[in-house]
Every structure is written in structure tokens, then in C-alpha cells.
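Undergrad: Handing you a structure now.
Read-outs throughout are calculated quantities, based only on the coordinates presented, and are distinct from any laboratory measurement. Computed from a prediction, not measured in an experiment: that's the story for all the values here. Please note: Cβ atoms are built from the backbone with ideal geometry, for glycine as well, and neighbour counts cover all protein chains shown.
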Amino acid sequence: MANQAAVRPEISWEGGTSPFQVSWQKLMMWFFLVSDALLFAGFLVAYGYVRLSSDSWPDQGEVFTMALIGVMTFVLITSSATMASAVGGARDGDLIRARKFVIMTAVGGVLFLGMQAFEWTTLISEGATLTQNPWGVKGFSAFFFVITGFHGIHVLIGIVILVITAVRLGRGQTTAAGVELTGLYWHFVDLIWVFIFTCFYLI
């Protein structure tokens, strides 16, 4: 028995260390992002089903200003690049550079929301609501406002988190891991927009 105990393989995880070698904060963030991604996927699948089952569907080029949508997408993707630079700065210990790029990311988010507000205002002024629109397909505007609005709320939450992160960086209270968590959320928001842009505006 003593010999068997001696050759027993060592167990590296017994409840005190993460089996994935990540912090519990990052693990919880991944759980949240996966569950949120499934929610967005449900919205987009429902949109696709209704659209394919409809006899007709409005032409996006006639409803939306595609140049504006293109600029919105460019701004959000660019903000993802600045967020990556912020994470890199934090990892290098350069909190000043990290803070600068976090602020730039927040500005990109504000610009995106401003353009989205303009888009919403334009469609509402043309008579689009959750229950009706001038294009004859009720579900079209309902899906538009729900999906883009839900994403817009995520962008707004992200901006608040970015501002808090920038303030904490200025005070030296945020670690590189904290900036990375903010980056994970922001990259997720950007990735979701790519799917919305493709499914709702392009196809």
C-alpha cells in the first residue's frame, strides 16, 4: 500500500487553482459572453426564419443609408483595434498609453451610438415603429429596433466600463488583467455587430 501511494500520479488541481489556468474573473466573463452570444444568436435566427418565410422583404439599400452603416462599422472595428492597443499597453506596464487608448475606444463607442441614434431618428421620422412601417412588412422594423437596440445597450454599457477603466488607470488602481477583461467585453460587442451588419444590412 505504501508503494502504491508513492507512485500515485500527482493531481495539480484540487479545488484551489483554476483547471483552465485563468482567473475566476476571466472565467466568469467567458461564461457571460457565451450566454449573451446565444441570446444574440436566437434573435438573428428568429430574424432569418421570419425573413425567409415572408413573401417579400424591403430592400435594405432603399431603407438604410448604407454609407452611414459603413462608417458606423468602420468606427466600431477601429475601436476594437484601439482596445487591443490598450491591452498591450497595460501588459507592458505603460498605464499612460493604456489609458489613452481606452479613452480613444470610448470615443469610438460614443461616435457609433451617435450615428445609430441618427439612423433610428431617420427611420422613426419616416413612420417606422415596432408594429408598423411604410415598407409593408411589420416584422422588419420590429426586428431592426430590437436587435440594433439590444446591441446599442451593450455598447452603452461598454462605454461606461471604458470610462471607469480609464479613471482607474489614471489612479493606478487597474491591473493589466482588469484592462484585458474590459477588452474581452468590447471585442465581443464588436464581433456581434459584424454578425448584425452581415445578416441585417448585407444579405
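Undergrad: Among 38, 24, 134, which residue has its Cα positioned farthest towards the positive end of the charge dipole of the chain, with +1 placed on the Cβ of Lys and Arg, -1 on the Cβ of Asp and Glu, and the dipole taken about the Cα centre?
TA: The one lying farthest along the dipole's positive direction is 24.
Undergrad: Please arrange 185, 49 by how many other C-beta atoms lie within 10 Å of their C-beta, fewest to most.
TA: The order, fewest Cβ neighbours first, is 49, 185.
Undergrad: Run the paramagnetic zone check for residue 23: 7 angstrom along Cα to Cβ, then residues of segment 143-173 with backbone nitrogen under 20 Å.
TA: Inside the label zone: 158-173.
Undergrad: Among 112, 101, 193, whose Cα projects farthest towards the positive end of the dipole of segment 23-202, with charges put on the beta-carbon of Lys, Arg (+1) and Asp, Glu (-1)?
TA: 101
Undergrad: Quick one: order 72, 115 by neighbouring beta-carbon count within 10 Å, fewest to most.
TA: 115, 72
Undergrad: Taking the Cβ of residue 154 as the centre, find all other residues whose Cβ is under 15 Å away and add up their charges (Lys, Arg: +1; Asp, Glu: -1).
TA: Within the 15 Å Cβ shell, the charges total -2.
Undergrad: I've got another one for you. Return the sequence-ordered ³J(HN,Hα) values of segment 64-76 in whole Hz as given by the Karplus equation 6.51 cos²θ - 1.76 cosθ + 1.60 applied to θ = phi - 60°, using x for Gly and Pro.
TA: 9, 8, 5, 5, 5, 4, x, 5, 4, 5, 4, 4, 5
Undergrad: Here is a follow-up. Suppose each label sits 7 Å from its Cα in the direction of the beta carbon; what would the residue 78-residue 117 distance come out to in nanometres?
TA: Calculated label separation equals 1.9 nm.
Undergrad: Whole Å is fine, so just give me how far the alpha carbon centre of segment 71-113 lies from that of segment 156-177.
TA: About 12 Å separates the Cα centre of segment 71-113 from the one of segment 156-177.
Undergrad: Select one label from (i) 11; (ii) 32; (iii) 8: the one whose number is percent of Cα pairs over 32 Å apart as derived from the coordinates shown.
TA: Structure-derived value, by its label: (ii).
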